[in-house]
Amino acid sequence: MSSQSKQKHIVIRDVAPAIDQGRFCVKRCVGDHITVSACIFRDGPEVIRARLLWSLEGTERERVPMHKVNPGLDLWEASFTLRDCGRHSYTIIAWTDHYASWVEEFRRKVMGGRTELESERKEGLMLVERCIERSSSSASNEDAALLRQAAEGLRSDKDLNALYEKLSQPALIEAMERLQEHGDLVQYEPAVPIYADRIRGRFGAWYELFPRSQGQDPNRGSSFREAEARLPDIAAMGFEVLYLPPIHPIGLTHRKGRNNTLVAQPGDPGSPWAIGNVEGGHEAVHPELGTVEDFVHYVQRAGELGMEIALDIALQCSPDHPWVKNHPEWFYHRPDGTLKYAENPPKKYEDIYPLNFDSEARAELFAALREIFELWISRGVKIFRIDNPHTKPIDFWEWLIGDIQRSHPEVLFLAEAFTRPPMMKQLAKVGFTQSYSYFTWRNGKEELRAYLEELTSSGLQEFYRPNFFANTPDILHAYLQHGGRPAFMTRLVLAATLSPTYGIYSGFELCENVPVRPGSEEYLDSEKYEIKVRDWDAPDNIKFLVRRVNEIRRHSEALQRFDNLRFLPSSNENIIFYAKSWGEELLLIAVNLDPHHWHDCTVQVPVHELGLPPHYGVEDLLTGARYTWSEHNYVRLDPSLPAHILLVHR
């Protein structure tokens with residue numbers, strides 16, 4: 001550094017929350033209270049001041065004073081509340097308060113018995129007079145009077161202790177702070193971005209269904225108008241989000257048959273993920289489902305019942321998609337000129353052509369893809385589930401999501417990314433609101449605990465929101481296959497109480513658990529390839545439990561948060577025990593992980609740490625039973641109802 005360069009005396013570091021030093025957005029929801037912390041210090045004994053500056057993108061920054069919360073570590077904090085949906089940012093400024101520094105030095109000398117402080121008086125007077133000059137047109141009457149009194153005291157007061165009391169008045173300190181020059185001010189760069197989603201970005205119960213399977217005729221798919229008849233039943237179970245697989249025309253070329261056979265038989269409806277035929281592509285509705293107007297009516301009817309639609313967008317095409325004919329440059333070509341279909345060896349997907357995101361015509365392709373989202377937003381869709389986003393470029397998603405949310409900050413994106421952890425985390429960083437997770441494959445006590453602690457306390461909670469789907473059309477875990485009805489109840493309670501966002505695929509409430517073959521996670525007679533007719537009130541269904549759990553969630557602020565999870569000791573490896581709290585609300589949850597046998601144990605509640613008396617009342621929100629508990633408590637859970645959700649009565 002040149003000796004002529006301006007010296008920097010103040011350091012701002014360890015700013016939190018921040019993702020990769022501000023490269024990506026911290027995630028929060030509207031109404032959340034944000035506490036920003038930083039290590040701020042300078043050389044020498046001078047007093048420094050700091051301000052937190054924050055704003056919604058496109059608005060003026062608001063200033064919040066920061067305060068030292070740990071002087072020994074130079075840790076400062078300030079807080080603000082997110083009032084609007086959209087992208088925000090914050091930064092920190094700090095500067096030397098020369099007057100407060102002078103007052104502190106003056107205090108030490110007076111307290112030390114010094115009586116000759118003429119030089120110090122002149123230095124203080126100079127600081128005050130500068131502020132008087134600066135304040136001639138801007139200071140309030142109160143500030144101006146304080147400054148004049150300070151100047152007069154510095155010129156004439158003989159009693160140094162009384163003078164110090166006058167000069168150290170908080171109102172005078174504040175006035176001087178406002179009016180002084182901040183010549184050594186430093187600002188933290190880059191500004192840290194925060195994205196505030198609406199509450200549905202953090203909390204919601206999802207239900208996945210195929211609209212074509214909501215009727216009673218196995219030979220004919222139901223239309224949207226017919227599928228509306230089942231919406232009240234789904235709403236009664238307490239779901240907030242209704243997730244639909246692709247609803248577009250389905251290709252005929254290489255259409256898959258039942259149970260994923262390579263050759264479809266007459267009448268086989270095909271996979272909805274093989275998008276497009278002569279009747280249209282991603283912009284169209286499958287004619288058997290009805291018209292665009294029918295879809296919009298379905299969205300509106302769901303909204304009347306308290307549910308919104310999440311639509312699956314799969315950026316791929318069947319060989320019959322209009323883009324294949326009109327824009328062959330958007331696809332991959334083999335040396336012989338034919339287009340490449342999708343493969344995941346040994347699996348082949350001849351009914352799907354992937355898009356070439358490195359095409360020379362990618363600008364036109366990207367514009368067309370963006371237009372798809374704009375179109376469905378105009379039709380009432382505010383949530384998109386993205387199929388296999390990890391097979392498309394990261395930069396594309398960062399551009400697309402950012403661009404869409406600038407115009408539509410309320411729109412949410414769910415990443416269907418069952419892939420390696422680094423990719424899942426990066427997709428969350430670049431903008432996906434939520435992500436699928438490994439919850440489906442975490443079934444033992446220790447693996448559940450380790451996974452949830454990673455998600456809630458390793459820093460991931462600042463940007464990664466897992467959606468705990470208990471099953472999907474692609475995933476029927478062995479735990480559900482072999483555990484019967486108790487396994488479905490266990491996984492429901494775990495998903496719905498560990499994560500504020502969870503989901504089930506239709507048939508879960510009926511405990512459907514037959515795989516296509518031993519060792520496979522695919523369903524027998526998979527709904528992906530055929531129309532299914534179900535008795536939604538079949539014996540042994542668990543709709544009663546789904547309904548009750550979702551009702552508990554809606555009335556529990558603790559279950560609508562993610563990073564408030566704490567695991568507690570239980571003496572049996574088959575019973576997992578944890579607490580969730582928010583404000584005065586405290587829930588204690590115990591779940592039997594063995595679907596075949598009853599288990600009992602002693603669970604420990606740290607009453608002193610949780611602010612509980614030695615004895616307190618708990619109410620099981622699932623059954624209404626009440627108990628008196630203490631620090632050590634006996635629990636027995638039977639597979640017929642393998643969980644307690646206990647509300648503590650303080």
query: If you look at just the Cα atoms of the range 101-258, how large are its Rg and its Dmax in Å?
result: 36.6, 103
Fraction of accessible area attributable to carbon and sulfur, the chain (%, probe 1.4 Å): 50 percent
task: Could you provide, to the nearest whole Å², the per residue accessible area of the chain with probe 1.4 Å?
output: 43 Å²
- prompt: Looking at the range 107-173, which trypsin sites (Lys or Arg not before Pro) are DSSP coil and have at most 11 other C-beta atoms within 10 Å of their C-beta?
  reply: K158
query: Between H9 and E118, 0.36 nm times their residue separation minus their Cα-Cα distance comes to what?
result: 36.4 nm
query: What angle, in degrees between 0 and 90 and rounded to the nearest 10, separates the Cα long axis of helix 118-134 from the longest principal axis of the Cα atoms of the chain?
result: 50 degrees
task: Compute the long axis of helix 478-498 from its Cα atoms, compare it with the longest principal axis of the Cα atoms of the chain, and write down the angle in degrees, 0 to 90, nearest 10.
output: 30 degrees
message: Under a crude label model (7 Å from the Cα following the beta-carbon direction), how far is D32 from T261 in nanometres?
response: 5.0 nm
- line: In degrees rounded to 10, the 0-90 angle between helix 141-156 Cα long axis and the longest Cα principal axis of the chain is 40 degrees
- prompt: How far, in nm, would the chain grow between Y627 and E374 when pulled straight, counting 0.36 nm per residue and subtracting the alpha carbon separation?
  reply: 85.7 nm
- request: Place a +1 charge on the Cβ of each Lys and Arg in the range 1-71 and a -1 charge on the Cβ of each Asp and Glu, then give the dipole magnitude about the Cα centre in debye, rounded to the nearest 20.
  value: 140 debye
task: Quick one: pull the percentage of alpha-carbon pairs in the range 446-524 with a separation above 20 Å.
output: 36 percent
field: Local electrostatic count, L172, Cβ distance below 13 Å [Lys/Arg +1, Asp/Glu -1]
entry: -4
query: When the Karplus curve 6.51 cos²θ - 1.76 cosθ + 1.60 is applied with θ = phi - 60°, which whole-Hz ³J(HN,Hα) does each residue of the range 229-246 get, with x for Gly and Pro?
result: 4, 8, 4, x, 5, 5, 4, 5, 6, x, 8, 9, 10, 10, 9, 10, x, x
Computed label-point distance, nm, for sites Y332 and W582 using a 7 Å Cα→Cβ extension: 4.4 nm
- request: Post the alpha-carbon centroid distance, the range 277-297 to the range 35-72, in whole angstrom.
  value: 54 Å
- prompt: At 4 °C and 1.567 mPa s, what whole-number value in µm²/s does Stokes-Einstein give for the translational diffusion of the chain, with Rh from the Kirkwood sum over Cα pairs?
  reply: 45 µm²/s
- request: Give the Debye-formula value of log10 I(q)/I(0) at each listed q (0.18, 0.19, 0.20 Å⁻¹), with one equal scatterer per alpha carbon of the range 518-607, two decimals each.
  value: -1.02, -1.05, -1.07
task: Taking amide H positions as placed in the peptide plane 1.01 Å from N, state which residues far from I19 in sequence (5 or more) or on other chains have amide H under 5 Å from it.
output: F24, V26
- prompt: To the nearest 0.05, what FRET efficiency results for A171 and E573 with a Förster distance of 51 Å applied to their C-beta separation?
  reply: 0.25
statement: Long-range alpha-carbon pairs in the range 225-365, meaning those over 28 Å apart, account in percent for 29 percent
field: Size of charge dipole - the chain - debye, nearest 20, with Cβ of Lys, Arg +1 and Asp, Glu -1, no other charges
entry: 500 debye
- request: Please give the calculated 222 nm ellipticity per residue for the chain, where each DSSP H segment of at least 4 residues contributes -39500 (n - 2.57) and the sum is spread over every residue; nearest 500 deg cm²/dmol?
  value: -8500 deg cm²/dmol
- prompt: trypsin sites (Lys or Arg not before Pro), restricted to the range 247-350: which are DSSP loop and have at most 12 other Cβ atoms within 10 Å?
  reply: K340
Cα→Cβ-extended label distance, 7 Å offset, between A16 and L610, nm: 2.6 nm
Order by protection proxy (mean Cβ within 10 Å, highest first), peptides 491-504, 551-564, 462-475: 491-504, 462-475, 551-564
- prompt: How large is ³J(HN,Hα) for each residue in the range 340-345, as worked out from phi by the Karplus curve 6.51 cos²θ - 1.76 cosθ + 1.60 (θ = phi - 60°), to whole Hz, x for Gly and Pro?
  reply: 8, 8, 7, 9, 9, x
message: Out of the GluC sites (Glu not before Pro) in the range 1-82, which ones are loop residues according to DSSP with at most 11 other C-beta atoms within 10 Å?
response: E60
- request: Would you kindly derive the ³J(HN,Hα) couplings of the range 567-572 from the backbone phi angles with the Karplus curve 6.51 cos²θ - 1.76 cosθ + 1.60 (θ = phi - 60°), listing them in order in whole Hz, with x for Gly and Pro?
  value: 7, 10, x, 9, 8, 10
message: Between the range 606-639 and the range 386-465, what is the separation of their alpha carbon centroids in Å?
response: 35 Å
field: Compactness of the range 1-108, expressed as Rg and Dmax over alpha-carbon positions, Å
entry: 16.1, 49
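The values are calculated or read from the model by the stated rules, or taken from the named source; none is laboratory data. Given the structure is predicted, the values throughout are model-derived calculations rather than measurements. We place every Cβ from the backbone using ideal geometry, glycine too, and count neighbours over all the protein chains shown. Please note that ligands, DNA and RNA were not included when accessible areas were found on the heavy atoms of the full protein model with its side chains. Shrake-Rupley method; radii C 1.70, N 1.55, O 1.52, S 1.80 Å.
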